[in-house]
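The values are calculated or read from the model by the stated rules, or taken from the named source; none is laboratory data. A quick note: this is a predicted structure, and the numbers were derived from the prediction, not measured. Here Cβ is always computed from backbone atoms with ideal geometry, including for glycine, and neighbour counts include all displayed protein chains. The area values use the complete protein model at the heavy-atom level, side chains included, leaving out ligands, DNA and RNA. Shrake-Rupley method; radii C 1.70, N 1.55, O 1.52, S 1.80 Å.
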Amino acid sequence: MIIDVHAHAGPWFFSTEVGAVEQNIELMDRYGIDRQIVSASEAVTYDMVSGNRWMADVLAVHPRLLGYLVINPNELDEAARELERHQATGRFVGVKIHTTYPGLPLTSQATAEALRLAAQAGLPVLIHTWDDGVLGLVKVLERHQELRIIAGHMGGPAWRTAVEAACRTDRLYLEPCCSITDRDRFRYALDRVPLAQMLFGTDSTLVDPAIALGVVLDAHLTEREYEHVMWRNAAALFGIETTAGLAA
């Protein structure tokens, strides 16, 4: 089984080759991905309200997909209303927060407030991380004991800092998808971060899942590591029922 915890649905303004939800399903079938947690590209890059609404319609007819509700830290009141509108459906199992498109650093007060909203909702958060600001998430997690955060892209070029952060708290998770794949970075993380905090994500359909799969396979995981990274940890974090069960 494979659960992909970092994916997108819908077109991107800089790519005309992706967009249809059917492409998500096609890539899942091609690479053996059973469940995928997706955010609407429109909600990430342009309008969270219309994007989340579109995503809700998609989730209603595609049972293999689960959703991230995108919230924009620049619009905290509307973000709170978005959580009220959509969380009750049960199809959104997490929150997605980007930092680049809203133009707010990971350490900004607005981002901290958005994370507080997610903590109150009891939903795990996938947040875009791409610099040493990822270390600041440790303090955020200390303030919100119910919060769980996935460092998207494992910090990107700051992946060593992301590993350090994940070693300081058991509620910061790492996933490897990245358009820059330094050699052995995933093995480096596995050898230091508790296994329960390691997840699998692809950045599909923006990035072909083959890249993230190659990163994982290149790390030469043991059978136990592979099972926990590829689905067990995600199933436990998001409460996803699986036919294989969740026994360790």
### Task
Mind listing just one residue for me: the one in the stretch 156-184 that is in contact with a strand residue (DSSP E or B) (Cβ under 8 Å, 6 or more places away or on another chain) and free of Cβ contacts under 8 Å to residues at least 60 places away in the same chain and, of those, farthest from residue 201 (Cα to Cα)?
165
### Summary
Scanning the stretch 1-18 for residues that are at pLDDT below 90 and touching a Ser or Thr at 6+ places or on another chain (Cβ under 8 Å), the one most open to solvent (accessible area, probe 1.4 Å) turns out to be 13
### Message
Suppose we filter the stretch 186-224 for residues that are among the small types (Gly, Ala, Ser), out of contact with any Ser or Thr (no Cβ under 9 Å at 6 or more places or on another chain), open to solvent by 10 Å² or more (accessible area, probe 1.4 Å) and under 30 Å from residue 17 (Cα atoms); how many remain?
### Response
0
#### Entry: Subset of the stretch 45-74 that is assigned to a helix (DSSP H, G or I) and polar (S, T, N, Q) - its residue that is least open to solvent (accessible area, probe 1.4 Å)
52
### Summary
Scanning the stretch 25-44 for residues that are open to solvent by 40 Å² or more (accessible area, probe 1.4 Å), assigned to a helix (DSSP H, G or I) and closer than 23 Å to residue 125 by Cα gives 42
### Message
If residue 224 meets every condition in (1) part of a loop (DSSP other than H, G, I, E, B); (2) of a type outside the set (A, V, I, L, M, F, W, C); (3) over 16 Å from residue 154 (Cβ atoms) apart from one, which number is that one?
### Response
(1)
### Task
Go through the stretch 143-161 residue by residue and tally those that are open to solvent by less than 10 Å² (accessible area, probe 1.4 Å) and within 20 Å of residue 109 (Cα to Cα).
6
## Note on the structure
Of the conditions (1) of a type in the set (Lys, Arg); (2) touching a strand residue (DSSP E or B) at 6+ places or on another chain (Cβ under 6 Å); (3) open to solvent by 80 Å² or more (accessible area, probe 1.4 Å), the single one that residue 96 does not satisfy is (3)
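Being over 17 Å from residue 43 (Cα atoms) and surrounded by fewer than 17 Cβ atoms within 10 Å (Cβ to Cβ) is true for just one of 105, 124, 176. Which residue is that? Step through it out loud before you land on a result.
Values: 124 fails: surrounded by fewer than 17 Cβ atoms within 10 Å (Cβ to Cβ); 176 fails: surrounded by fewer than 17 Cβ atoms within 10 Å (Cβ to Cβ).
Going through 105, 124, 176 in turn, just one is over 17 Å from residue 43 (Cα atoms) and surrounded by fewer than 17 Cβ atoms within 10 Å (Cβ to Cβ): 105.
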#### Entry: the stretch 209-234 residues that are touching a residue at least 12 places away in the same chain (Cβ under 8 Å) and on the phi > 0 side of the Ramachandran plot, paired with ones that are assigned to a helix (DSSP H, G or I) and aliphatic (A, V, I, L, M) (beta carbon under 6 Å, 6 or more apart)
none
### Message
I need a count of the residues in the stretch 75-101 that are part of a loop (DSSP other than H, G, I, E, B) and under 12 Å from residue 44 (Cα atoms).
### Response
4
